[in-house]
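Working notes, beginning with the structure itself.
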Amino acid sequence: MDKNPEAFNQIAMALSRRFDSLYYVDIESGAYKEYMATSFLESVNIPKEGKDFFAESRENAKRCVHPDDLEMVTHIHDKSVMLEHLSQKPYFSAIYRLILDGKILHVRHFEIMCEDKKHILCCIENFEDEFKKQEEQERNLLSARRMARRDDLTGIRNKNAFREYIRTVDDMIKANPHDYHFGVVVCDMNDLKHINDTRGHSFGDEYIQRTSRIICNIFKHSPTFRIGGDEFVAVLNNQDYDDREKLLETLRKESLENGRSRSGPVIASGMSVYDEETDDEFMKVFKRADSAMYEDKADLKSIRVKDGFANMGKLHTPIPDERKRRLDALFDALYTVAGEGYIYLNDMRYDYSRLSLPLVDDFELGSEHLYHADKIWDERVHPDDMKIYRDAVDSLLCGTADFKLTHYRMRKSDGSYVVCKTRGFVLSDSNGDPEYFGGILVLV
């Protein structure tokens, strides 16, 4: 065979393609000879020539072909199968795995019909490096696709993934509207803008992450999405769908406790479930849940942290001496830290306040110890600034601000008005219940 010029032309052509192993096969007799550019098959002692390529190659395959690929390799080395492939086009290729020296190697198998129609070139190309590069590219592409669907801050699915999920649900509704069940919970974190403005975006980001963890931990069997700065959606399936009322109650209880104790994010939430009679698309269910969320948001904003403020504005028994001494001690500590200025501190259990003397004198408050000092203070706020003042107080007392900064005008003892910059705060007891309400005033 090796004296045939045509054969060597075919072999030279094949080797130019950088094949790692090549067999020149006589179709009629099956006789073959190997021509190799490299020797990566030497470790398994595959014969370099023989009398029946088709039968021997199937036997040799058992020595080095990956078990999962052996049936396929045995099939393509059948003479009739190979001739059938090459009757349709002048070459055929397949990819399979070898196991050499305990390592998996990906190879590409080629069959080429020679021009004389009497011989076949069977070639093997080692493309393990190329395969690894392809795998890495596919991993990078998959990672990029996942990143495009993941929220950078929380790690959960983002708005892009939400849009794709909506299309999937709509397809399910069209395909099987009567046996498909799901619920939608829409969540919104209260006062993100205020948190960002007063505490900084890093603190706001932390609250967003905590919000995400709360929602994911409660609806742990359902896909969860962050679809906006402070907006989240959970689509309830399976066990979460069955337990939806209990899970929503858990979320709302935790949110109320966070608001009461000011120890975590306050999350407004609303839920709706798919109704096969009225809902022909996902967005109808979503819009009902969104409306329910806004109702809950309004309810949360109307709730006052009553445990600590129920006594304010009402006349009760005088403050005990022990509580008064404690108030004075806390006030002295606050005054030491703040320095001279307008300072006040209120014991909310008795609505009893301690005020700095400059504040008492300059605004004619009467005494440095007062019950119901807020009523006296209200009379001194400029009428046009009353809403600003009230909104600031309400946001603080409702638990939506821990350290409120605001500006408004106050009437001094001589009748003139000055602009005050006020920082208010609430101190809670060991149970998280509001106990003291205080502030520091600075003239602008």
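Where a number appears in this text, it was derived from the coordinates with a stated rule and is not lab data. It should be emphasised that the depicted structure is a prediction, and the values quoted were computed from it without experimental measurement. With ideal geometry, Cβ positions are generated from the backbone for all residues, glycine too; neighbour counts draw on all protein chains shown.
Cross-link candidates for LYS375: which lysines have Cα within less than 19 Å, leaving aside residues fewer than 8 places away along the same chain?
LYS306, LYS314, LYS387, LYS412
Could you calculate the FRET efficiency of GLU368 with GLN209 from 1/(1 + (r/R0)^6), where r is the beta carbon distance between them and R0 is 45 Å, rounded to 0.05?
The value I calculate is 0.55.
Under 26 Å Cα-Cα from LYS132, which lysines qualify once same-chain neighbours fewer than 8 residues away are excluded?
The qualifying lysines are LYS62, LYS103.
In whole Å, what three semi-axes, largest first, describe the equivalent ellipsoid of the range 154-294 built from its Cα gyration tensor (square root of 5 times each eigenvalue)?
28, 16, 12
Taking the Cβ-Cβ separation of LYS193 and LYS387 as r and a Förster radius of 25 Å, what is the calculated FRET efficiency to the nearest 0.05?
0.85
Pairs LYS89/LYS117; LYS193/LYS246; LYS159/LYS253: which are spaced more than 21 Å apart, C-alpha to C-alpha?
LYS193/LYS246; LYS159/LYS253
Which part of the range 41-73 falls in the paramagnetic zone of LEU100, meaning amide N under 17 Å from the point 7 Å along Cα-to-beta-carbon?
Zone members listed by number: 41-49, 60-67.
So what's the gap between the Cα centers of the range 179-205 and the range 20-77, to the nearest angstrom?
First find each Cα centre; the distance between them is then 64 Å.
Along the Cα→Cβ direction, 7 angstrom out, place labels at HIS407 and VAL337. What is the inter-label distance in nm?
So the two model labels end up 2.6 nm from each other.
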